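Trainee: Questions regarding the structure given below will be posed in turn.
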Amino acid sequence: MVRHHRAEAARDAQQRRRTLFDIDLRPPTQSARRRPLAHRRAPTTGSGINQVEYRRIGNDSTVRISPWRGDASTAQVVTVRGPAPDNATVLNLLELLGNRDVTTVLTAALSPDDQRPFTAAGFTPLEHLTLMHRPLQPEEPAPPSRSPHRLSRIGRRRLADTLDADADAFSSFSPFWRFDSAAYAEACEATDLSRQRCVRVDGQVVAYAIAGRSSSSGFVQRLAVRPGHEGLGIGSALLADAISWLDRAGARDVWVNTQPDNDRARLLYQRHGFAERAGGLVVLRHDTVR
């Protein structure tokens, strides 16, 4: 029995380690998945990061390097295949990006264990995230979503209104949390399957959600409600719809992260069966002084 529990704990730890790299981390896009990862031959010096690039680094790891919010001098680095970078790999990566005139490097949202090689290289915390998890048991499927609020597809026609709702919903938090069109597109493309739904009142988008599934793991990648429409069950309707869709799509669990001080969001997730995971996640930052 002890051996069984140890094996189960090891599998859970392995699954958690794998999924941590998929939460809000911009894995390969769907177009990239239709063929092998494109390791573009990027310039070795100057020019910054102007487009998404994939590079093999260290011991069979592949990282995704992308400009942060369109800024070529700021790069976000995400491990999308293979083991997490070790100390030597992180230093080599910083040298590579430094030669490209990248002055700021952001990591994905990392677990405590995965932060160590980055902190050893001089990275410091930028944002702390609360990580929450909800299992989906095959013998106990998620109940169907029922709500008086009508959910609609977002599509291109409603994208500008959706991003306006996002800015409104996260206006009281740091700019790090706000989506632009590039961040929205990357969130939609970050998983094998993706679902985007919104709620409109008098023709205006007042809330929306993005959910995605990769392998057997589901993710609530975005849930935003305009402040004037909180407490009406709209966020709950979007979340229930996302969970129900992920269950039908074959996910066995669901992950979400939120701001540690966003009590309203944390209580909403708890009401829908999510529990906080110890340690949380941290996005790290490295600045190069030239």
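Only the coordinates and a few stated rules stand behind these numbers; no lab work does. Being a predicted model, the structure only gives us computed values, none of them experimental. Backbone-built Cβ (ideal geometry, glycine too); neighbour counts: all protein chains shown.
Trainee: Using 7 Å Cα-to-Cβ label points, what is the Glu276/His128 separation (nm, one decimal)?
Mentor: 1.0 nm
Trainee: For region 140-230, what class follows from the C-alpha gyration tensor (a ≥ b ≥ c being the square roots of its eigenvalues): rounded when a/c is under 1.5, otherwise prolate if a/b is larger than b/c, else oblate? It would help to have the intermediate numbers written out before the result.
Mentor: Values: a/c = 1.63, a/b = 1.18, b/c = 1.38.
Note, shape of region 140-230 comes out oblate.
Trainee: Fully extended, how many nm does the chain gain between Asp60 and Glu230 (0.36 nm per residue separation, minus their Cα-Cα distance)? Could you put the intermediate results ahead of the total?
Mentor: On the way: separation 170, 0.36 × 170 = 61.20 nm, distance 4.59 nm.
Once the chain is fully extended between Asp60 and Glu230, it gains 56.6 nm.
Trainee: Follow-up. Simple spin-label model, 7 Å along Cα-to-Cβ: Thr104 to Arg156 in nm?
Mentor: 3.1 nm
Trainee: Next up: Which peptide among 261-270, 112-121 comes first, and what is the full order, when sorted by highest mean count of other Cβ atoms within 10 Å?
Mentor: Working: 261-270: 15.4, 112-121: 17.1.
Answer by packing, highest mean first, reads 112-121, 261-270.
Trainee: Of Ile154, Pro175, Leu239, which is farthest towards the positive pole of region 137-251's charge dipole, taken about the Cα centre with +1 and -1 on the beta-carbons of Lys, Arg and Asp, Glu respectively?
Mentor: Ile154
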